Amino acid sequence: MNQKVVLAFSGGLDTSFCVPYLINKRNLEVHTVVVNTGGFSDEELKRIEERSNTLGAASHTTIDAVNDYYERGIRYLIFGNVLKNNTYPLSVSSERFFQALSVLEHVKKIGAEYVAHGSTGAGNDQVRFDLVFEVLAPEVKIIAPIRELGLSRQEEIDYLKSNGFDFSWEKSKYSINQGLWGTSVGGVETLKSSGILPEEAYPSQVSDYGVERIKIGFEKGEPVSLNGEKMLPVNVIRTLHKWASRFGIGRDVHVGDTIIGTKGRVAFEAPAPLILVKAHHLLEKHVLTKQQLYWKDQLSNWYGQLMHEAQYLEPVMRNIETFLNDTQQFVTGEVDVELRPYHFSVLACSTDYDLMNPVFGEYGEVNKSFTGQDVIGFTKVISNPLKIYYKIHE
């Protein structure tokens, strides 16, 4: 009886190559699995299953991990207002780890001795995938044929043809990875520092050139409504994406350091994440104290960095999540957002927990809890250390 291997399968060229290779060259019984974290439609999932069957896999399984991805990942990215390098909402990098965890569960379920994926040896995803098994299932052997063989796209196509699989492979120069928290776009232009992606490279094209105002409702930090209509957070994200993408909102290019030590450049389209992070941040400015905001910035930045670099299993991540959860108890209210072509503005908010309370005064107009004379004395006190310093060092 052949040993079993579970292949994390997307239906693309790299993972399609892996199926006959693992059967013919490694003499393994291949079981494919696709983990949906919001990037596949029902039609796409059906086509992926059909391709798996055509390639000769012993079985194919689809796992819906959208809610798990939100509960254990996205909600903390919102709580932390996480934008890596002040730009990237971790659209794709945050979902890979949860996909790998779901693959691990499937490996254990069918009792496979091996796990395989189609990553090359040049990117971050191979580390994110491998690390899950290195830590949680070191007895399961990892196979990555594209990485091990160093194959070109044409060599993969030639191998498939030689084994009787002459599919129609699109020759698009753009690699698009789509998920609930946004879409990454890689291509010829992103391989160099000066390249600029053309309009048609982005998945969503502009169809609305007007102006639209919307209200986003939050309860304890989580997005729960749009224009007063209650929704599950996942549906808020999906609906907001649909509304904002028609304006071409959420496009940018992220430049950062990869896990393996090189610089990387990738374009992305993430209208819902960018709007939600900025709207949530505005609400927090009104309900959290100065010190809460400061320390949230420090810890959230580390949280995003660790998430990006495949360190989700690091215990400090749970510690930071405990802190983030505690800061959200009063982050409840509505935020007004204006949508325009290629742009959005976070306008204002309303909340029962607003610390910008007129009972204590109005900034620049009037103080109601102290007098101008109090300020004079206050200034003398806080300036005293500096007066001492400059007197000594004059």
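The values are calculated or read from the model by the stated rules, or taken from the named source; none is laboratory data. Bear in mind that the values here come from a model prediction, so they are computed numbers and not experimental data. Backbone-built Cβ (ideal geometry, glycine too); neighbour counts: all protein chains shown. Note: accessible area is taken over every heavy atom of the protein model, side chains too, but ligands, DNA and RNA are not part of it. Shrake-Rupley method; radii C 1.70, N 1.55, O 1.52, S 1.80 Å.
Quick notes on this structure:
- Qualifying residue in the stretch 6-24 (condition: more than 21 Å from the chain's Cα centre (by Cα), surrounded by fewer than 22 Cβ atoms within 10 Å (Cβ to Cβ), more than 20 Å from Phe129 (Cα to Cα) and among the aliphatic types (A, V, I, L, M)): yes
- Per-region count, the stretch 144-197, residues open to solvent by less than 70 Å² (accessible area, probe 1.4 Å) and either within 23 Å of the chain's Cα centre (by Cα) or β-branched (Val, Ile, Thr) (or both): 17
- In the stretch 113-140, residue farthest from Gly256 (Cα to Cα) [restricted to those that are surrounded by 23 or more Cβ atoms within 10 Å (Cβ to Cβ) and touching a strand residue (DSSP E or B) at 6+ places or on another chain (Cβ under 6 Å)]: Val115
- When residues in the stretch 309-331 are screened for being at pLDDT 95 or above, open to solvent by less than 40 Å² (accessible area, probe 1.4 Å) and not charged (D, E, K, R), 7 of them pass.
- Within the set Tyr294, Tyr303, the sole residue that is open to solvent by less than 30 Å² (accessible area, probe 1.4 Å) and over 18 Å from Glu219 (Cα atoms) turns out to be Tyr303.
- Test: residue in the stretch 219-235 that is buried (at least 20 other Cβ atoms within 10 Å of the Cβ), over 17 Å from the mean Cα position of the chain (by Cα) and of a type outside the set (D, E, K, R): yes
- Near pairs, Cβ below 9 angstrom, 6+ apart or cross-chain, from the stretch 229-240 (without any contact (Cβ under 8 Å) to a residue 12 or more places away in the chain and farther than 15 Å from Ile214 by Cα) to any residue that is surrounded by 20 or more Cβ atoms within 10 Å (Cβ to Cβ) and not hydrophobic (A, V, I, L, M, F, W, C): Leu232/Tyr70
- Tabulated pairs, the stretch 54-74, first touching a residue at least 40 places away in the same chain (Cβ under 8 Å), second open to solvent by 70 Å² or more (accessible area, probe 1.4 Å), C-beta under 6 angstrom, 6+ apart or interchain: His60/Glu49
- Residue within the stretch 65-75 that is of a type in the set (Asp, Glu), closer than 27 Å to Arg251 by Cα and open to solvent by less than 10 Å² (accessible area, probe 1.4 Å) present: no
- Residues of the stretch 248-291 satisfying the condition of being within 24 Å of Phe218 (Cβ to Cβ), acidic (Asp, Glu) and in contact with a Lys or Arg (Cβ under 8 Å, 6 or more places away or on another chain): Glu269, Glu284
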